[in-house]
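Just below is one structure, and these are the notes that go with it.
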Amino acid sequence: MADSVIDVGAAGDIEPGKFIAVKVAGRSYIIARVDERFYAVEDNCSHEDYPLSYGCLDGAYIKCSLHGSWFSLETGEPQEPPADEPIATFRVTVQGGRLLLDTSRPA
């Protein structure tokens, strides 16, 4: 396994509609589950450098609890102000029931 692909836990530990926050090499990520699909994004709002893990999910979108911006988990694009810059998205796969996060570059 490449150094940039990290096992971040069991897929079954995240219920649909929920997420976990993980830290890898000093960087924070969110792993979210929407139905049977998993997403990975940076745990940082592009508007105010605030943890998105303090927010909530609604379908495939995550809300920053500081100023209310929503971001697409799929593309990282902001859906409403005040954020106007996207957040980084990362590839996450499931192999053998484990979540593998590729931190090498944004998806």
Next item on the list: May I ask you to list pairs of residues, at least six apart or on different chains, whose Cβ atoms are under 7 Å apart, with the first in region 38-54 being over 19 Å from Lys18 (Cβ atoms) and the second being charged (D, E, K, R)?
Entry: Ser46/Glu85
Check: Identify, please: which residue in region 56-107 is outside any loop (DSSP other than H, G, I, E, B) and among the aliphatic types (A, V, I, L, M) and is, among those, surrounded by the most Cβ atoms within 10 Å (Cβ to Cβ)?
Finding: Ile62
Checklist line | Cys56 vs. criteria within 18 Å of Pro78 (Cβ to Cβ) and in contact with a Lys or Arg (Cβ under 6 Å, 6 or more places away or on another chain) | finding: yes
Check: Which ones in region 24-34 are modelled with pLDDT of 95 or more, of a type outside the set (Gly, Ala, Ser) and either within 16 Å of Ile6 (Cα to Cα) or in a loop (DSSP other than H, G, I, E, B) (or both)?
Finding: Tyr29, Ile30, Ile31
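The values are calculated or read from the model by the stated rules, or taken from the named source; none is laboratory data. Keep in mind the model is a prediction, meaning the values are calculated, not measured. For neighbour counting, all protein chains shown are included, and Cβ atoms are generated from backbone atoms with ideal geometry for every residue, glycine included.
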